[in-house]
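Novice: Pasting a structure below so you can have a look.
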Amino acid sequence: LEILVTILNENDNSPVFAQPNLTRDVPEDTEVGTAIVAREELSATDADLDTIYYELTTTAQDTDGYFAIRGVNNPEIYLQKALDYDKFNSATLLLYARDRPVTSPDHTYTATATITIVIKQSDTRAPWFLPCSYLHSDTSVCISSPYSGRVNISEMSTDPLLLEPGPIYAIDPDYTISDRILYSIVGGNTDGVFSVDADTGNLTMTKIVTSPDSFLLQVMATQASNIRRYSVATVEIKVINKSNYPPYFEKGVYNGTVFVGLPQRSFVYQAGDPSTPLVITAMDMDFPDV
């Protein structure tokens, strides 16, 4: 008597990842839709030869929605939303492999793989002139104020010019790259009166100024390794007559009178003359008409 015995496969094995722990470096400017980890590296196997169902989650709420898998049976991880290094620079993803659908009432075995994503800052922003202020709460945009300074007419200064709100200085806001900054004057330098040091940004004079007309310079800050990343700041240089004398007060001591109970911003009156507001004035022999 020949007896044929058929062995039925019992679901008694868990899916297995070949690499349960993976780390990937991802540039900040990676295009949406780009594959981050290939399907072959993430596919799990099951000794029961079951179909594997995958699910991807993230461990941090602020990284949710940036990465996804191609499909429930395709574990390839791709970039779903543009990255921003200032928001986060790493993410931990959990990839689940199940031998039954999530909604299945049958007993299910599950394997888990951990994928660590390290965001690498890219050269995405032009130099910032300092000091600058962030645009509202957006730390990716910093607005600087124009620089200003003064020179004396018909006088040659050999020292770097003193500017407000500070010296010409720019940085690479992609701080993990921190490219070297080069400076140049690209406009407003009539007759080549001024020169800027390419490395320090110090502004100096090359000749005297004989006209009282002001200068409105355009100074460009360029990244040394990427000339497409640059910013331009304005520098207003006013030409004035040289000041030989300090200002002085017309009196050495001013006496005033105030009354009890007056509101804020009420006048202080001259002592002995409660009808005349106290006025403090100064003079300057360099500017007798002012």
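Where a number appears in this text, it was derived from the coordinates with a stated rule and is not lab data. What you see is a predicted model; the values in this text were computed from it and never measured. In this analysis, Cβ positions are derived from the backbone assuming ideal geometry, glycine residues included, and neighbour counts consider all displayed protein chains.
Novice: With Cβ to Cβ distances under 10 Å as the rule, what net charge do the other residues near H107 carry (K, R +1; D, E -1)?
Specialist: Every neighbour counted, the sum reads -2.
Novice: Return P(r) of region 245-289 (all Cα-Cα pairs; 5 Å bins starting at 0; whole %; ordered from short to long distances).
Specialist: Per 5 Å bin, starting at 0, the Cα pair percentages come out as 5, 20, 21, 18, 12, 13, 8, 3, 1.
Novice: Separate question: Can you grab the distance from the C-alpha centre of region 5-24 to the C-alpha centre of region 49-79, Å, no decimals?
Specialist: 18 Å
Novice: Let me ask you something else. Enter the per residue convex hull volume of the chain, computed from alpha-carbon coordinates, in Å³ rounded to the nearest integer.
Specialist: Looking at the chain, the number lands at 237 Å³ per residue.
Novice: Sticking with this one: In a shell of Cβ-Cβ distance under 11 Å around T222, excluding T222 itself, what net charge do Lys and Arg (+1) and Asp and Glu (-1) give?
Specialist: Around T222, the surrounding residues sum to +1.
Novice: Aspartates and glutamates within cross-link reach of K81: Cα-Cα under 17 Å, excluding same-chain residues under 8 positions apart?
Specialist: D25, E28, D29, E31, D62, D64
Novice: Are there GluC sites (Glu not before Pro) in region 1-93 that DSSP marks as loop and that have at most 12 other Cβ atoms within 10 Å, and which are they?
Specialist: Sites meeting the loop and neighbour criteria: E2, E10, E31.
Novice: Something else: What does the convex hull of the Cα atoms of region 128-240 come to per residue, in Å³, rounded to a whole number?
Specialist: Taking the convex hull of the Cα positions in region 128-240, it is 98 Å³ per residue.
Novice: So, one more: Say we join alpha carbon atoms closer than 10 Å with springs in a Gaussian network model of the chain; which of G252, G71, G149 then has the biggest fluctuation?
Specialist: Among G252, G71, G149, the largest GNM mean-square fluctuation belongs to G252.
Novice: Lysines near K251 by alpha-carbon distance under 29 Å, same-chain residues fewer than 8 away left out - which ones?
Specialist: Partners within reach: K242.
Novice: Evaluate E = 1/(1 + (r/R0)^6) for S275 and F249, where r is the Cβ-Cβ distance and R0 equals 25 Å; express this FRET efficiency to the nearest 0.05.
Specialist: Rounded to the nearest 0.05, the efficiency is 0.60.
Novice: Kindly provide the Kirkwood hydrodynamic radius of region 209-288 in Å, to one decimal, from all pairs of distinct alpha carbon atoms.
Specialist: 18.3 Å
Novice: Can you pull out the chymotrypsin sites (Phe, Trp or Tyr not before Pro) in region 41-138 that DSSP calls coil and that have at most 16 other Cβ atoms within 10 Å? Could you put the intermediate results ahead of the total?
Specialist: Numbers: sites: Y53, Y54, Y66, F67, Y78, Y85, F88, Y96, Y109, W128, F129, Y134; in loops: Y66, Y85, F88, Y109.
Here the sparse-neighbourhood loop sites are F88.
Novice: Can I ask one more? Once you put a point 7 Å from the Cα of K238 and another 7 Å from the Cα of L1, both along the Cβ direction, what distance in nm separates them?
Specialist: Taking the two extended label points, one gets 11.7 nm.
Novice: Okay, next question. Can you compute 3J(HN,Hα) from phi for each residue in region 196-209, using the Karplus curve 6.51 cos²θ - 1.76 cosθ + 1.60 with θ = phi - 60°, rounded to whole Hz and x for Gly and Pro?
Specialist: 10, 6, 4, 9, 9, x, 5, 9, 10, 9, 10, 7, 6, 9
Novice: Then there is this: Only helical DSSP H runs with n ≥ 4 go in: add -39500 (n - 2.57) per run for the chain, normalise by residue count and round the 222 nm mean residue ellipticity to 500 deg cm²/dmol. Walk me through the intermediate numbers first.
Specialist: Numbers: 1 runs with 4 residues, N = 290.
One gets 0 deg cm²/dmol as the mean residue ellipticity at 222 nm.
Novice: Which loop-located chymotrypsin sites (Phe, Trp or Tyr not before Pro) does region 172-207 contain, where loop means any DSSP state but H, G, I, E or B and the Cβ has at most 15 other Cβ atoms within 10 Å?
Specialist: Counting only loop positions with at most 15 other Cβ atoms within 10 Å, the chymotrypsin sites (Phe, Trp or Tyr not before Pro) in region 172-207 are Y175.
Novice: Taking DSSP loops as anything outside H, G, I, E and B, show the longest stretch in the chain free of trypsin sites (Lys or Arg not before Pro) there with at most 15 other beta carbons within 10 Å.
Specialist: Between the exposed loop sites, the longest stretch runs 88-179.
Novice: At 7 Å along the Cα-to-beta-carbon direction for both S90 and T190, put a label point, then send me their distance in nm to one decimal.
Specialist: According to this spin-label approximation, the distance is 5.7 nm.
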